[in-house]
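Engineer: Dropping a structure here in structure tokens format, bear with me for questions.
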Amino acid sequence: MVKWSNGYQLPITSYQLLIMARKLIRVSRRMLFTWFMLAGFILLFAPQNLTNNFQFAFASLFRWPLAVGRNISLFTRTWQSRPGITNRRESEYENYIANLTEQLHSERQLVEKLTRMRKRFGLQGADLIPADVVTASIGGAHSELIIYCRKEHGLAKGQFVLEDNSIIGTISDVWARNAKVRLFTDPASKIAVRIGKLNIDRVMQGSGNDSAKISQLSTKHNIKVGDHVLARKKPGFLDTSLIIGTVATCTWDKQNPLLWDITVKPVCDIERLNSVTVIIMNPQE
Amino acid sequence: MRWLRFAVFILIVTVLQASLLDIVAVTKLNIRPNLLLTLLVFFAIYCNTTDAIITSFAIGFVADISIASAMGSQTISFGLFGTALAYLHRVIAIRKMPYQSLAIFITGSLIGALAHLLALLKGQAAISNIYTVILGTALYSAIVGPFLFLPAAWWMRIKTHRFSRH
């Protein structure tokens, strides 16, 4: 009932009530646009660890349909052959052999130096945590995976992520049930690496498009296409060097012809991954 | 505007965009059509201006949470250019499919470029050939986009043959 100033009471329908409410909360288009723009800028300049929660919440809420869609996508992709990568099993063995060769090289160095250091063998002391891939953003401005893995397993930023016996990236964010993996091809990724048997450390930075770049390496070093690129050991995160990619192209740097411009490609098909393994060194009991 | 239908529709499209669309990706750059961009243009053309502003920002926000990007960059870009397109539609009719394709291509290119610049402003690194990816995505969306207008109109119960400028 609506009570008017002259004392009359009139019945009111819900539709009329709705129209009245709309008139009361009417906002001009200009104001609406300003509010939304303001909200956008707040989101843009808010700390990333806060805004990441939205992306994690989306991945958690729609984990099941996203996984189904991704499986269908992977299934269809298995019919398409990609140049450079033969089949997954073969590349897995090749990477395994590459890792063994690297270990053999390390052993030889040990013998040459006649040290009696304790032998470190692969990932013997590490916890290997398998995790399913929820979403993958590859090929755009960023190369990242969101994986389903609980924080209680001991996940932390900076831990290396392995698949098909090769390093594919590092953990960049950890949430309660999910974690974000920054692939080494992401432009924000920087990983210390070594090429073949050269005993020189260089930083490899992602360049998108399923590749990464190594710069600041003098042309006096003999680099060949196909040379293995190994992620350097990092105390607390990786106790042994592991293969991360191979040299795809090696040309003179356009700005400085005394340096190499090296492009590195992954040794496994990152786009087809549906599960990965997180390496946790020195696991807590 | 049927907002519940809109919310369900956007969520379904976002999940499809984030998971299933890899099937139709082309080239080594993994270029896929942007369904959210197509919907942005659809709502800007077939809704009144106020609804178009709300839908533009809402689509931008879901693009932000589903695509690995600097949060907020897509919201601002989609909102800005969706609103501009809605106002433009009051002056220039975008009824025929070639015009709709052109609208998708131009809007997609501008949105991609602005989102990239905003991401740079936030300090995020970008790939070397980002503009190829942006133009490729806009072109791919422009080719397939107008064909998706009909199912979108059916779901949203919008009559596409009735022409009006709000």
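Engineer: Can you find, within segment A:247-264, the residue that is surrounded by the most Cβ atoms within 10 Å (Cβ to Cβ) among those that are in contact (Cβ under 8 Å) with a residue 12 or more places away in the chain and more than 24 Å from A:Asp210 (Cβ to Cβ)?
Structural biologist: If we take residues in segment A:247-264 being in contact (Cβ under 8 Å) with a residue 12 or more places away in the chain and more than 24 Å from A:Asp210 (Cβ to Cβ), then A:Pro257 is surrounded by the most Cβ atoms within 10 Å (Cβ to Cβ).
Engineer: Determine whether A:Ala179 is part of a strand (DSSP E or B), away from every other protein chain (no Cβ under 14 Å) and more than 19 Å from B:Asn129 (Cβ to Cβ). Before you say what the answer is, go through the steps one by one.
Structural biologist: Details: part of a strand (DSSP E or B): yes; away from every other protein chain (no Cβ under 14 Å): no; more than 19 Å from B:Asn129 (Cβ to Cβ): yes.
In short, no.
Engineer: List the number of the failed condition for B:Ile45; all other conditions in (1) out of contact with any Gly (no Cβ under 9 Å at 6 or more places or on another chain); (2) closer than 22 Å to A:Ile42 by Cα hold.
Structural biologist: (2)
Engineer: Working only within segment A:207-240, note down all residues that are under 18 Å from A:Val267 (Cα atoms) and within 14 Å of chain B (Cβ to nearest Cβ).
Structural biologist: Result: A:Ser207, A:Gly208, A:Asn209, A:Asp210, A:Ser211, A:Ala212, A:Lys213.
Engineer: Restricting the search to segment A:106-149, which residues are exposed (fewer than 14 other Cβ atoms within 10 Å of the Cβ), over 20 Å from A:Cys268 (Cβ atoms) and either modelled with pLDDT of 65 or more or of a type outside the set (A, V, I, L, M) (or both)?
Structural biologist: Listed by number, the residues that qualify are A:Glu107, A:Arg108, A:Gln109, A:Glu112, A:Lys113, A:Thr115, A:Arg116, A:Arg118, A:Lys119, A:Phe121, A:Gln124, A:Gly125.
Engineer: Against the condition touching a helix residue (DSSP H, G or I) at 6+ places or on another chain (Cβ under 7 Å), within 14 Å of chain A (Cβ to nearest Cβ), closer than 19 Å to B:Val41 by Cβ and modelled with pLDDT of 90 or more, how does B:Thr107 come out, does it pass?
Structural biologist: no
Engineer: Restricting attention to helices (runs of 4 or more DSSP H) lying wholly within segment A:1-85, give those where 2 or more residues are modelled with pLDDT under 65, farther than 23 Å from B:Leu11 by Cβ and among the hydrophobic types (A, V, I, L, M, F, W, C).
Structural biologist: A:14-24
Engineer: Consider B:Ala119 carefully, then state whether it is in contact with a helix residue (DSSP H, G or I) (Cβ under 8 Å, 6 or more places away or on another chain), in a helix (DSSP H, G or I) and at pLDDT below 90.
Structural biologist: Yes: the conditions hold for B:Ala119.
Engineer: Moving on. Residues of segment A:49-62 being facing chain B (nearest Cβ under 7 Å) and closer than 16 Å to B:Met71 by Cβ, which ones? So that I can check it myself, show each step before the final result.
Structural biologist: Filtering segment A:49-62 down to residues facing chain B (nearest Cβ under 7 Å) leaves A:51, A:54-55, A:58, A:62.
Result: A:Thr51, A:Phe54, A:Gln55, A:Phe58.
Engineer: How about segment A:26-45: which of its residues are at the interface with another protein chain (Cβ under 7 Å from one of its Cβ atoms) and either more than 15 Å from B:Val62 (Cβ to Cβ) or hydroxyl-bearing (Ser, Thr, Tyr) (or both)?
Structural biologist: A:Arg29, A:Leu32, A:Phe33, A:Met37, A:Phe41, A:Leu44
Engineer: Looking at (1) away from every other protein chain (no Cβ under 14 Å); (2) at pLDDT 85 or above; (3) in contact with an Asp or Glu (Cβ under 6 Å, 6 or more places away or on another chain), can you tell me which one A:Thr185 breaks?
Structural biologist: Going through the list (1) away from every other protein chain (no Cβ under 14 Å); (2) at pLDDT 85 or above; (3) in contact with an Asp or Glu (Cβ under 6 Å, 6 or more places away or on another chain), A:Thr185 breaks only (1).
Engineer: Here's something else I'd like to know. Can you confirm whether segment B:7-18 contains a residue that is farther than 22 Å from A:Ile72 by Cβ and crowded, with 21+ Cβ neighbours inside 10 Å? Break it down stepwise before answering.
Structural biologist: Here is the first cut: in segment B:7-18, the residues farther than 22 Å from A:Ile72 by Cβ are B:7.
From what's left, crowded, with 21+ Cβ neighbours inside 10 Å: none.
There is no residue in segment B:7-18 that is farther than 22 Å from A:Ile72 by Cβ and crowded, with 21+ Cβ neighbours inside 10 Å.
Engineer: Also, quick follow-up: Among the helices (runs of 4 or more DSSP H) lying completely within segment B:1-91, list those that include at least 2 residues that are free of Cβ contacts under 8 Å to residues at least 40 places away in the same chain. Give the steps one after another, and end with the answer.
Structural biologist: Values: elements: B:3-19, B:35-46, B:49-66, B:73-91.
The helices (runs of 4 or more DSSP H) meeting that bar are B:3-19, B:49-66, B:73-91.
Engineer: Now for a separate question. Could you check, for segment A:241-250, whether at least one of its residues is within 14 Å of chain B (Cβ to nearest Cβ) and out of contact with any Phe, Trp or Tyr (no Cβ under 6 Å at 6 or more places or on another chain)? It would help to see each step written out before you state the result.
Structural biologist: Kept after step one, since they are within 14 Å of chain B (Cβ to nearest Cβ), are these residues of segment A:241-250: A:248-249.
Remaining after also requiring out of contact with any Phe, Trp or Tyr (no Cβ under 6 Å at 6 or more places or on another chain): A:248-249.
Yes, the conditions are met somewhere in segment A:241-250.
Engineer: Out of segment A:131-174, which residues are within 14 Å of chain B (Cβ to nearest Cβ), under 10 Å from the mean Cα position of the chain (by Cα) and of a type outside the set (Ser, Thr, Tyr)?
Structural biologist: A:Ala136, A:Ile138, A:His142, A:Glu144, A:Leu145, A:Ile146, A:Ile147, A:Gly169, A:Asp173
Engineer: A follow-up question, please. Restrict the check to segment B:114-131 and report whether at least one residue is over 28 Å from A:Trp35 (Cα atoms), polar (S, T, N, Q) and without any contact (Cβ under 8 Å) to a residue 40 or more places away in the chain.
Structural biologist: Yes, there is a match, as at least one residue in segment B:114-131 is over 28 Å from A:Trp35 (Cα atoms), polar (S, T, N, Q) and without any contact (Cβ under 8 Å) to a residue 40 or more places away in the chain.
The values are calculated or read from the model by the stated rules, or taken from the named source; none is laboratory data. Remember, predicted model here, so these are calculated numbers, not experimental data. Methodologically, a virtual Cβ is constructed for each residue, glycine included, from the backbone with ideal geometry; neighbour enumeration extends over all protein chains shown.
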